[in-house]
Each structure stands twice: as structure tokens, then as C-alpha cells.
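Here is the structure we will look at, set down as C-alpha cells.
The values are calculated or read from the model by the stated rules, or taken from the named source; none is laboratory data. Everything quoted here is computed from the prediction, not taken from an experiment. Backbone-built Cβ (ideal geometry, glycine too); neighbour counts: all protein chains shown.
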């Protein structure tokens, strides 16, 4: 089901209608029915010059509105980068989070020679190799 964000004066409404933010990740989301009953128009694209309330699909909303304070958007992005780097760096915490999370089935034979599927868990060393490849790709994109 599509979720919508509510904008007013080029700021997103917070969850629980507790104020406003210029950061989409901190905005509240609601189903379209919530707006129809209040007479709030639903638009398909972001309209920064619109001062009245309107809703747009979450996926159509920019990460930051034009009214978002620059220092807040930078702090949000820095935090996001820090969390992504932590998630992509092998450590005790990432090992605990990822070990056993990834597996695949292979065709095999059981002890009676019957065909069966066997589940194989991806080893932690392979997960670390994948993490390294993703970090390397990100660094190459940055250098380009």
C-alpha cells in the first residue's frame, strides 16, 4: 500500500502531527484515505512553492525539502553515512547481525540416495568478502 507524506509550507508533517521537518526520513506517513476524509489534496509530485497542505507519495518526495536547514540535512546525511559504513565494516557487531542470515538451497541426495534439497548457510568469511567488494565498488564510484 502506498504511503504518503504531508507537506505544508514546504515542510513535512512529523509522525503523530507533532511538528514539522524538512527531512523525509523523519516525516510521518499515512495512507491516502486519511487525506481524503480531511479534504487534503493528493498530488503526484513535490511542489515546493505550494504553501497549503497537500500529500504526495513517499517515493515521490525529495530527501530534503527546499526549506530544510542546510546544517540539519548535512547532519542527517553524515549520520546515514556513519550507519552505512558501520554496517559494511566487518566487526563483532556485524558478525552477530549477519552470521546465519544468508543461505541457499542446493540439490543433493540423502542417506537413502533420494533427491532432496539441502540448505547451505553462507559462511562469515564469504559475507566479509561481499562486504569488501561493496566497499570497493563504492570507493571506485566516488573516485570517478
(message) Which condition from (1) farther than 30 Å from residue 131 by Cβ; (2) in a loop (DSSP other than H, G, I, E, B); (3) free of Cβ contacts under 8 Å to residues at least 40 places away in the same chain is the one that residue 100 breaks?
(response) (1)
(request) Pairs only if they're at least six apart or on different chains, beta carbon under 9 angstrom, first in the range 3-20 and surrounded by fewer than 18 Cβ atoms within 10 Å (Cβ to Cβ), second assigned to a helix (DSSP H, G or I); list them, first residue then second. (result) 3/32; 3/58; 3/59; 14/26; 15/26
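Mind telling me which of the residues 28, 39 ends up being part of a loop (DSSP other than H, G, I, E, B), under 18 Å from the mean Cα position of the chain (by Cα), over 30 Å from residue 123 (Cβ atoms) and not assigned by TED's automatic domain parsing to the domain that holds residue 134?
On the way: 39 fails: under 18 Å from the mean Cα position of the chain (by Cα).
Just a single option satisfies the conditions, and that option is 28.
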(message) Checking residue 91 against (1) farther than 24 Å from residue 30 by Cβ; (2) free of Cβ contacts under 8 Å to residues at least 24 places away in the same chain; (3) under 18 Å from the mean Cα position of the chain (by Cα), only one condition comes out false. Which one?
(response) (3)
(request) For residue 49, work out the one condition from (1) surrounded by 10 or more Cβ atoms within 10 Å (Cβ to Cβ); (2) in a loop (DSSP other than H, G, I, E, B) it doesn't fulfil. (result) (1)
(message) Filter the range 75-97 down to the residues that are surrounded by 11 or more Cβ atoms within 10 Å (Cβ to Cβ) and under 20 Å from residue 63 (Cα atoms) and list them by number.
(response) 75, 76, 77, 79, 80, 84, 85
